[in-house]
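Report on one structure; see the data block that follows.
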Amino acid sequence: MDELTWMDATETAARVRSGELFATEVVEAAIGRAEAVQPQLHVLVSDDFARARAKSAGPLGDGPFAGVPFLIKDLDDYAGLPTRHGSRVHADAEPSINQAPLMDAYDAAGLVVIGKSTSPEQGYLPTTEPVGAPPTRNPWDPSRSSGGSSGGAAAAVAAGVVPVAHATDGGGSIRIPAACCGLFGLKPSVGRTRPALRGRRANAPIIIAHQHVVSRSVRDSAALLAETEAQGEEARHAPVGVVTGPAAAPAADRSGWWTR
Amino acid sequence: MTGGRPDPEVVAAVEGAAALLAELGHQVEPTRWPVDGMQFGRDFGAYWASGAAADFAAATERLGRAPTDAEVEPFSLAMASRTARCRRGRWRP
């Protein structure tokens, strides 16, 4: 199962669909890998192994990523798991009862959540070293930072635990850990993906929490973006669908660039 | 954004992307960062700190008392207190 440590989510899903791999063995491999790297890299805040095993046993549904193991960043609620926000204040949080539409979209895509990934406190810092927990280390060189704030997500993907993982970005928190860990990190426009914030966070006067993933391949980020795009009344931007290559220039398109 | 020069690799990547877009028919031109980078940095810092202040207030409500520095990290506490010093849209750092 070593190839699962580098295969992207699209390829993994295709092999599950074709019967070449069983979702149970893919998820079991991810759990085994998570357990193997956790003591050194500290990528998980909480695990969802029992539910993941049950889900991988089927029925898998017809989502494009059916059977692919996944992680949710611990700044967002996922039903059945506590949300600790990287903070000691929330160390005793109860499992969430509800989750936002973005999480429903990940479930509908067939992704199998195996746990929640680490973040610095409330995602405020670009490195993942909360005071109350061991630091999340970089799989390429454990003496270095994974970056942050989606540090657990990036370290887990780079370490071969899961092929793709939920991540969020307000000031670099997808892009920085993706760069530190040698991954692809796309920060979509805010509101591009289905609503993710709940409670007081959803009512903040300015929202700059961009939601997406860190991944091993551009096509995974593109396909998952299409899968989780806000549609209809939820959509703040016209949906773009699956992007598979450079688009022809729209008539009114004009771009500027600078390097200073 | 604040006047620093990027590394040569970054310059090459940006120029390469601009050239590719131009080749694909996009209208691409050199320009300047359209906002005051230093001001943007201050505004972003103010916004970021206000999130910590809201978290601090929520934690206070949840605990029935202000969280201590054994519960909230020094960086978050510093940002929350920075926001508390903000009055009428002006910073008094």
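The values are calculated or read from the model by the stated rules, or taken from the named source; none is laboratory data. The model shown is predicted, which means the values in this text are computed figures rather than measured ones. Here the Cβ positions follow ideal geometry from the backbone for every residue, glycine too, while neighbour counts run over all protein chains shown. Ligands, DNA and RNA are stripped out before the accessible areas are found, and what is left, the full protein with its side chains, is counted by its heavy atoms. Shrake-Rupley method; radii C 1.70, N 1.55, O 1.52, S 1.80 Å.
Provide the buried accessible surface between chains B and A in square angstrom, both chains summed, 1.4 Å probe, rounded to the nearest 100.
Buried: approximately 3100 Å² between A and B.
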Check: Which residue, chosen from A:Ser150, A:Gly182, A:Thr136, occupies the Cα position most advanced towards the positive end of the dipole of region A:61-197, where the dipole is computed from +1 (Lys, Arg) and -1 (Asp, Glu) charges on Cβ about the Cα centre?
Finding: A:Gly182
Next item on the list: Report the extension gain between A:Arg236 and A:Ala179 in nm, rounded to one decimal, defined as 0.36 nm multiplied by the number of residues separating them, less their alpha carbon distance.
Entry: 17.7 nm
Next item on the list: Would you list which lysines come within 25 Å of A:Lys55, measuring only between C-alpha atoms, while excluding same-chain residues fewer than 8 positions from it?
Entry: A:Lys73, A:Lys116
Note to self: Restricting to bridges with both residues inside chain A, how much of the DSSP beta-bridge set is antiparallel, in percent to the nearest 5?
What the structure shows: 75
Next item on the list: Using amide H atoms built 1.01 Å from N in the peptide plane, name the residues 5+ places from A:Ser255, or on other chains, whose amide H lies under 5 Å from its own.
Entry: B:Gln27, B:Val28, B:Glu29
Notebook entry, point to check: By Kyte-Doolittle mean hydropathy of at least -1.0 and Cα axial length of at least 24 Å, which whole DSSP H helices of chain A are selected?
Noted result: A:23-41
Margin query: Largest first, please: the extent of the C-alpha atoms of region A:53-168 along each principal axis, to the nearest Å.
Written below: 40, 32, 21
Checklist line | Peptide B:67-75, shielding by other chains (average Cβ, 10 Å cutoff) | finding: 5
Next item on the list: As a check on your grasp of the helix formula, calculate [θ] at 222 nm for chain A: sum -39500 (n - 2.57) over DSSP H runs of n ≥ 4, divide by the residue count, round to the nearest 500.
Entry: -8000 deg cm²/dmol
Check: Can you give the convex hull volume of the alpha carbon atoms of chain A per residue, in Å³?
Finding: 149
Margin query: Could you tell me the extents of region A:1-59's C-alpha atoms along the three principal axes, largest first, rounded to whole Å?
Written below: 35, 24, 15
Item checked: Long-range amide H partners of A:Gly147 with built H, under 5 Å -> A:Thr128
